[in-house]
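Here the structure comes first, spelled out in structure tokens, and everything after it is commentary.
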Amino acid sequence: MTASVNGNIKYKNTFNLAWGELSFGELDGSPCIVRKRAQDPEPKTEYLPLSVREGRIVIEGLDPVYEGYWGDSDWKDDRKE
């Protein structure tokens with residue numbers, strides 16, 4: 001996932017996310033990833049807060065066992081300013 005400013009990559013990160021239909025949205029005025037999980041035994045929609053920390057995109061609320069950040073420090077250090 002990357003975020004650009006004036007055509008230059010500003011923030012990025014690599015994630016392993018469980019299946020679902022993903023989109024960007026807002027929850028209580030804050031940016032989030034909206035994940036519709038229709039494949040689950042009990043279908044649900046999740047609102048995962050989205051932010052930037054130390055130059056990396058962060059998605060809160062991911063399952064720490066199966067999902068999460070896959071990048072390393074190089075992801076942050078080679079970004080364009």
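Summary table
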read-out	value
Some residue of segment 1-9 being free of Cβ contacts under 8 Å to residues at least 24 places away in the same chain, touching a Pro at 6+ places or on another chain (Cβ under 9 Å) and not acidic (Asp, Glu)	no
Matching residues, segment 38-64, being of a type in the set (A, V, I, L, M, F, W, C), part of a loop (DSSP other than H, G, I, E, B) and at pLDDT 80 or above	Leu62
Count - residues of segment 11-21 that are over 10 Å from Met1 (Cβ atoms) and surrounded by fewer than 16 Cβ atoms within 10 Å (Cβ to Cβ)	4
In segment 1-20, residue farthest from Tyr47 (Cα to Cα) [restricted to those that are in a strand (DSSP E or B) and more than 13 Å from the chain's Cα centre (by Cα)]	Asn8
Residue match in segment 27-37 (condition: farther than 16 Å from Ala3 by Cβ, at pLDDT below 85 and out of contact with any strand residue (DSSP E or B) (no Cβ under 9 Å at 6 or more places or on another chain))	no
Residues located in segment 1-31, provided they are aromatic (Phe, Trp, Tyr) and closer than 19 Å to Arg53 by Cα	Tyr11, Phe15, Phe24
Options Glu81, Glu67: the member that is over 10 Å from the mean Cα position of the chain (by Cα), at pLDDT below 85 and surrounded by 15 or more Cβ atoms within 10 Å (Cβ to Cβ)	Glu67
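The values are calculated or read from the model by the stated rules, or taken from the named source; none is laboratory data. Remember, it's a predicted structure, so these values are computed and weren't measured experimentally. All Cβ positions, even for glycine, are placed from backbone atoms using ideal geometry, and neighbour counts span all protein chains on display.
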